[in-house]
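Read through the structure below, which is laid out as structure tokens, and then see the notes.
The values are calculated or read from the model by the stated rules, or taken from the named source; none is laboratory data. Computed from a predicted structure; not experimentally measured. A quick note on method: Cβ atoms are made from the backbone with ideal geometry, for glycine too, and the neighbour counts reach across all protein chains shown.
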Amino acid sequence: MRLLRKPKIINVGAKFFYDNLKAQGADAVHVDWKPPAGGDREMMKLLDKLKGF
Amino acid sequence: MVTKSRVYKGEYRDSIFLMRISQQLGGLAGVHQASAIMATDANKELLKDAGMLTDEIARADPNDLAIVVDCVTSERAEEVISKAIDMMAEAVRERAEKAEAVYKTLTSAAKAMPDSNIVLISVPGKFAAREAERALELGKHVMIFSDGVPLEDEVLLKRLGREKGLLVMGPDCGTSIINGIGLGFANVVKRGPIGVVAASGTGSQAVSLLISAGPGISQVIGTGGRDLHDEVGGITMLMGLQALADDPETKTIVLVSKPPSPTVAKRILEAASQVGKPMVICFLGGDPKVIEEAGLIPAATLEDAAAKAIALHRGEKPKRMVFSNDLDEVKRTAEKEYTKLTAGQRYIRGIYSGGTFCSEAMIIVRDLVGDVHSNIPLKPELKLEDSNKSKAHSFVDMGEDEFTAEIGKPHPMIYHELRQKRILAEASDPETAVILLDVVLGYGAHEDPGGALAPTILEAKKIAERDGRYLPVVASVCGTPEDPQNLISQEEKLKSAGVIVMPSNAQAARMAALIAVRGKAWEKIMEGNL
Amino acid sequence: MGKIEEANDKAIKRIIEAKPMGTGVKKAKAVIPGMTERTILHAGPPIKWQRMSGPTRGAIIGASIFEGWADNEEGAVKLAESGEIKFAPCHDHDAVGPMAGIISPSMSVYIVENQVHGNKAYCNFNEGLGKVLRYGAYSKEVIDRLKWIEKDMAPLLAEAFKRSGPIDLKEIISKALHMGDECHCRNVATSHIFLKVMAPYMVETGFDKETISKVLRFMGTNELTFLQLLMAACKAMADAGHCIDYSTLVTALTRNGTDFGIRVSGLPGQWFTAPAPTPKTLFFPGFKEGDEGRDIGDSAIAETMGLGGFASANSPAVVQVVGGTPQTAADYSREMREITVAEHPSFTMPFMNFRGVPIGIDLRKVVETGILPFINTGVAHKDAGVGGVGFGLVRAPMECFKKALRAFAEKYGGS
């Protein structure tokens, strides 16, 4: 496995990790993540079930 | 003139673009000649004529991108090459939209940034595995900062990653530094030839900052706290090891973790001995014999690991580090503190934000003062009944779930209220002989931990004073002068509150022990191997 | 590739390839499939008389009088309650209607044909603004206007189409997007282009000058002239991607003033409904909060095809409605990209560097991200016959998509 040349990062979750990355001059984008299906477990199960199709 | 080159296998840029880059590089100070080209035969001929065909480029093939510079000094050449890489990245970056856009899903972010290569995940634990799986399906390496991910999910993810040749750093991985970029909680380190793979965030931070003050760090790969458990089998540590073995920038390697089970240890040590680069293995608190038998070099503490790696790299004989300051001065400092203790003050109270620091300190201290109770004890019978109440010598890891998850507060490296409360509680206890702390700097940590703790420490000392006691406080600051919080100023803030600031957690633990036993452990410290 | 991905690819390809052409004008009972002598089609998902909203009832009363089935409101209501009238969604009969969306047998409709796949769509004529049937008005003025449309306007346009041949509606939409329309609330450019295209043929019909002039003036002063054609064009495109097994694409977003309903490609014949929300409204002078009715009309077929709210970024004029700055409007378009599968190569937005509108709502993405389709809409007064009270923003309700996901998993889950 070859180590990554220049990290290009997708940050999913806490924005402050993204801010830290930008402060270091890193190439990064931020995902303003929210729980899937608003946290609705039934919906999450259904979505995951459909993945297998 | 010094000629340096860099070859990027399989990278492509069109020739007009590369010509513009070459032109810009040529205009920089200290540059005699510079060229960015695809390594076609024709281009190689041109480079040869110009006296810039390095062996590396000669070996490259037409699908590889090569940068070669002819500069006044070696350092300048390195700098210019870095600049070339930045120029290429900048030009490729989309303007307006991507720069400001925020994405709602990993999928849409990946679509907008197709050349992304790492996904850093810090969502609540129960959703982390799902995001990680998606990231792996998208062909990206993953770092999972989140904890609270089920073990089965960790196993599935790491197996999937292994199948795809992708690293899964975590879950519960607080730190990685990939090609100079700190992910999660990370210090600003100097780049250099020593690589670290660690199953502990603060462990890797401690080791990397010490190495940063020396030859420098190539990569820090975090594996997550459970990587070496039997069920996981060290998948990420093995892959990380392989990555460092393959990385031309890494010349010496350090592995850090708690001692794994014999099965996993065997697998790790076997792989380690095949690497062919000098290696130091720190199984914190483990038996060094196992490591020696594998023909590798063991380290008892984090500080020891760093020192030995640096020595190895320099071709020197690794020595054990006890105290970095003048020994007489250390003795005097301890004496100044313990002579003011009352007879009833007997115990060390460690109030930690980093679990690995807490463990390291317990390992060192138990040899010198006896058993230490904890919420993360070295032996199950030493587990504190109530983590909020110390018993005899007690070291508490306040980063543990019971303190963070329950109350829903952020980690103590960011948020100090719980630690402050505990410090005051221990100060009120007449049996407390010394308080031991870790203070962690770097990206992701509190912006001024020293400033947050100093007033509390002053108050703690006052509480003791009012009751007719003296309260010593010993601490170490894990950070570098380049960290946003600035190591020097943090140490100053603590010192002005009367804290004994030691250069490392290991040394702070020794100092605390020395104070608690009124200096009687000196020989043991000097002659021991912890 | 998974079955769902494959099905969605197929569906979106058909939608994007579809070429809706305006081909003529005929009376509803002559061309709309399933239209009987006593059918009244309405906007939105299926609904019984008892639950219908004020504007919908008002429009039905007006249509009944227009058809000659009743002389007054009382008679019309009795008829409706009796069960003698067959009520059905426009959508289930290849048709679309804005606001109350009422189409009755004797009303003339435009015929839109998707030349690539052959499916058709129908829509009625726009009456203009103010007290009109689609807002539930049924005064003599309204009935007279409907009669005039049948007597003069429809025959003139029918004849004009015979001369012009099929009119490329897709091209009109593409051009209008480059002229500041988002094609739902703002159809100014589309209407102008259509008028410009049809005018010469209208003159060539040889109808009398007065009729031609009256119709031209009517269409020229009505900035919503093209709205129904726009809707029918979108319906024809959406239907091209409907009925594809395993596809999770949403082929209709629609409301009737009481319920909001969606159709899903892989679940033909099923409606998934939830209470229609109340739009956040920017009021015309004289109206205020509390006047607005619940979301109504088939016009959200525009958003279903990436126009309207999905193309918010493109319409500086509509931007005020969506909250002020071009940046906010662009954010809405960007947000819709999160829940759609493609960008339409023919419908591009100059204000977003000519990127294609986000098209093909994937119901899985809506549920997963919690991002709901965003609609710019006209807002009716809650009472029948008052008229429009302003423009507003509304989001499709999540419950529709959750219901659809459950149904989808049930239908295809066995495999």
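Figures for the structure shown
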read-out	value
Number of positions in the range B:225-249 that are assigned to a helix (DSSP H, G or I) and in contact with an Asp or Glu (Cβ under 6 Å, 6 or more places away or on another chain)	2
Residue satisfying condition, being crowded, with 24+ Cβ neighbours inside 10 Å, within 14 Å of chain A (Cβ to nearest Cβ) and touching a strand residue (DSSP E or B) at 6+ places or on another chain (Cβ under 7 Å), within set B:GLY450, B:GLY442	B:GLY442
First in the range B:350-370 and farther than 12 Å from B:ALA512 by Cα, second anywhere and surrounded by 24 or more Cβ atoms within 10 Å (Cβ to Cβ) and among the aromatic types (Phe, Trp, Tyr), Cβ under 6 Å, 6 or more apart	B:CYS358/B:TYR352; B:CYS358/B:PHE395
Residue count for the range B:415-438, restricted to those that are touching a Gly at 6+ places or on another chain (Cβ under 6 Å) and aliphatic (A, V, I, L, M)	1
Residues of the range B:453-474 that turn out to be surrounded by fewer than 24 Cβ atoms within 10 Å (Cβ to Cβ) and in a loop (DSSP other than H, G, I, E, B), as a count	4
Whichever residue in the range B:109-132 is in a loop (DSSP other than H, G, I, E, B) and touching a Gly at 6+ places or on another chain (Cβ under 9 Å) and, among such residues, is farthest from the other protein chains (Cβ to nearest Cβ)	B:PRO124
Single condition A:LYS6 does not satisfy, out of (1) surrounded by fewer than 20 Cβ atoms within 10 Å (Cβ to Cβ); (2) in a helix (DSSP H, G or I); (3) at the interface with another protein chain (Cβ under 7 Å from one of its Cβ atoms)	(2)
Residues satisfying the stated conditions in the range A:17-46, i.e. of a type outside the set (Val, Ile, Thr), within 7 Å of another protein chain (Cβ to nearest Cβ) and closer than 23 Å to C:ARG334 by Cα	A:ASP27, A:HIS30, A:ASP32, A:TRP33, A:LYS34, A:PRO35, A:PRO36, A:ALA37, A:GLY38
Residue match in the range B:169-180 (condition: surrounded by fewer than 24 Cβ atoms within 10 Å (Cβ to Cβ) and facing chain A (nearest Cβ under 9 Å))	yes
Failed item, numbered, when C:THR225 is tested on (1) more than 14 Å from chain A (Cβ to nearest Cβ); (2) closer than 24 Å to C:GLU399 by Cβ	(2)
Top-ranked residue in the range B:133-156 [being outside any loop (DSSP other than H, G, I, E, B) and at the interface with chain A (Cβ under 9 Å from one of its Cβ atoms); ranked as farthest from the chain's Cα centre (by Cα)]	B:ALA135
Pair list, Cβ under 9 Å, 6 or more apart: the range B:279-306 residue on the phi > 0 side of the Ramachandran plot, other residue β-branched (Val, Ile, Thr) and in a helix (DSSP H, G or I)	B:GLY285/B:ILE363
B:VAL477, sole failed condition from (1) at pLDDT below 95; (2) part of a strand (DSSP E or B); (3) under 22 Å from B:GLU335 (Cβ atoms)	(3)
C:PHE347, sole failed condition from (1) at pLDDT 90 or above; (2) surrounded by fewer than 17 Cβ atoms within 10 Å (Cβ to Cβ)	(2)
Hey, B:VAL264 more than 14 Å from chain A (Cβ to nearest Cβ) and farther than 25 Å from B:VAL365 by Cβ or not	yes
When residues of the range C:327-336 are limited to those that are surrounded by fewer than 24 Cβ atoms within 10 Å (Cβ to Cβ) and among the small types (Gly, Ala, Ser), the one nearest to the other protein chains (Cβ to nearest Cβ)	C:ALA330
Positions within the range B:181-195 being within 13 Å of chain A (Cβ to nearest Cβ) and part of a strand (DSSP E or B), in sequence order	B:ILE181, B:GLY182, B:LEU183, B:GLY184, B:ALA186, B:ARG191, B:GLY195
Any hit, the range B:258-265, residues being surrounded by fewer than 18 Cβ atoms within 10 Å (Cβ to Cβ), under 21 Å from the mean Cα position of the chain (by Cα) and in a loop (DSSP other than H, G, I, E, B)	yes
Pairs with Cβ under 7 Å, 6+ apart, first in the range C:207-223 and in contact (Cβ under 8 Å) with a residue 24 or more places away in the chain, second surrounded by 14 or more Cβ atoms within 10 Å (Cβ to Cβ) and in a loop (DSSP other than H, G, I, E, B)	C:MET219/C:THR225; C:ASN222/C:ASN126; C:ASN222/C:GLY128; C:GLU223/C:ASN187
Residues being among the acidic types (Asp, Glu) and more than 30 Å from B:MET237 (Cβ to Cβ) - total across chain A	3
Subset of the range C:248-269 (residues that are part of a loop (DSSP other than H, G, I, E, B) and among the β-branched types (Val, Ile, Thr))	C:THR248, C:THR258
Wholly within the range C:337-415, strands (runs of 3 or more DSSP E) carrying at least 1 residues that are in contact with a Ser or Thr (Cβ under 9 Å, 6 or more places away or on another chain), more than 14 Å from chain B (Cβ to nearest Cβ) and over 30 Å from C:GLY62 (Cα atoms)	C:340-349, C:355-361
All positions within the range B:322-346 that are crowded, with 21+ Cβ neighbours inside 10 Å, out of contact with any Pro (no Cβ under 6 Å at 6 or more places or on another chain) and not small (Gly, Ala, Ser)	B:VAL330, B:GLN345
Every residue from the range B:157-169 that is in contact with a Ser or Thr (Cβ under 7 Å, 6 or more places away or on another chain) and part of a loop (DSSP other than H, G, I, E, B)	B:LEU167
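Table: residues versus (1) touching a residue at least 60 places away in the same chain (Cβ under 8 Å); (2) in contact with a Pro (Cβ under 9 Å, 6 or more places away or on another chain); (3) of a type outside the set (A, V, I, L, M, F, W, C); (4) closer than 27 Å to C:PHE226 by Cβ.
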position: C:ALA7; (1), (2), (3), (4): yes, no, no, no
position: C:ALA11; (1), (2), (3), (4): yes, no, no, yes
position: C:ALA28; (1), (2), (3), (4): yes, yes, no, yes
position: C:THR36; (1), (2), (3), (4): yes, yes, yes, no
position: C:PRO46; (1), (2), (3), (4): yes, yes, yes, no
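Residues checked against (1) more than 20 Å from C:ALA404 (Cβ to Cβ); (2) in contact (Cβ under 8 Å) with a residue 40 or more places away in the chain:
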| site | (1), (2) |
| --- | --- |
| C:MET198 | yes, yes |
| C:LEU227 | yes, yes |
| C:CYS243 | no, no |
| C:ALA252 | no, yes |
| C:LEU267 | no, yes |
| C:PHE272 | no, yes |
| C:PHE283 | yes, yes |
| C:MET305 | no, yes |
| C:ALA311 | yes, yes |
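Listed here are the residues, each with its yes/no results for (1) among the small types (Gly, Ala, Ser); (2) under 22 Å from the mean Cα position of the chain (by Cα).
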residue: C:GLU37; (1), (2): no, no
residue: C:ALA43; (1), (2): yes, yes
residue: C:MET52; (1), (2): no, yes
residue: C:PRO55; (1), (2): no, yes
residue: C:GLY58; (1), (2): yes, yes
residue: C:GLU73; (1), (2): no, no
residue: C:ALA95; (1), (2): yes, yes
residue: C:PRO98; (1), (2): no, yes
